[in-house]
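Single-structure report; data block below.
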C-alpha cells in the first residue's frame, strides 16, 4: 500500500493515497485528490476541484462550489455510478451517488 501524502498551502490542498472519509469546507481553495478511497465531501465558496478516485467500487463523492470554480472528475472506466450535476444527470449502472455542482465554471467528467 502506498504512503498517504497531503500538501496544504494558502491557496491549495493536494492529497494522494488518502483513505476517507474526507470532508472539507473552505471559502477559497483549489483541491486536488488522487487515488483516494472511501467517501469525499467538499464544499467550497470558490476554487477548483480535481478528483481521481483509486479503486472500484467507487465511494460516495460530493463536490460543491457555491460561487466560481471548475470541477474535473476522472472516474475509473469499470466503475458504476449515478451522476447528479447541475446541468446533467447520468447513470452508469446503479453504483454510489456522485453529486457535483458549480455556480459558475466548467464541469468535466470522464472515465479513464
**Request:** Would you list the strands (runs of 3 or more DSSP E) that sit entirely within the chain and hold 2 or more residues that are more than 14 Å from the chain's Cα centre (by Cα), surrounded by 13 or more Cβ atoms within 10 Å (Cβ to Cβ) and at pLDDT 85 or above?
**Result:** 22-28, 40-46
**Item:** Pair list, Cβ < 7 Å and 6+ apart or interchain, from the stretch 1-27 residues that are at positive phi to residues that are loosely packed, with under 15 Cβ neighbours inside 10 Å and assigned to a loop (DSSP other than H, G, I, E, B)
**Value:** 17/2; 17/3; 17/4
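The values are calculated or read from the model by the stated rules, or taken from the named source; none is laboratory data. Predicted model only: the values in this text are computed from it and were never measured. For neighbour counting, all protein chains shown are included, and Cβ atoms are generated from backbone atoms with ideal geometry for every residue, glycine included.
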